[in-house]
Amino acid sequence: MKKFSINFTLSLCFLLVYLTNVLGQVNIGYGKTAIQSTTDGQQKARMALDNDDNTTACTHWEPTPWWQVDLGARYDISNININVN
């Protein structure tokens, strides 16, 4: 029996991480440190946090692509918006 391998790519146009305080919603993800499992070309993980929908964070094709952001502290997150290509 032949085994098949399925690969995926993760492509994030931008990701917004919000907390709600007395000033309203604040995007706490902007400018934070991000990493991803692999990088396709110049599409680095931080590009998902630059609030520019003309840039994209993208991994290579792989079985389990991932992306993560270090917010630098603990927060009570009220909303996460993920925009993909």
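Here is how the numbers come out for the structure above:
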{"quantity": "Long-range neighbours under 8 Å by Cβ, at least six apart or interchain, first residue closer than 10 Å to L19 by Cβ within the range 59-80, second surrounded by 12 or more Cβ atoms within 10 Å (Cβ to Cβ) and charged (D, E, K, R)", "calculated": "L71/K32"}
{"quantity": "Some residue of the range 5-25 being loosely packed, with under 15 Cβ neighbours inside 10 Å and either aromatic (F, W, Y) or touching a Gly at 6+ places or on another chain (Cβ under 9 Å) (or both)", "calculated": "yes"}
{"quantity": "Filter pass, A57 being in contact with a Lys or Arg (Cβ under 7 Å, 6 or more places away or on another chain), closer than 21 Å to S78 by Cβ and of a type in the set (A, V, I, L, M)", "calculated": "no"}
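Any read-out appearing in this document is the output of simple, stated calculations on the displayed coordinates, not a laboratory observation. Values in this document were obtained by computation on a predicted structure and should not be read as measured data. So basically every Cβ, Gly included, is an ideal-geometry build from the backbone, and we count neighbours across all protein chains shown.
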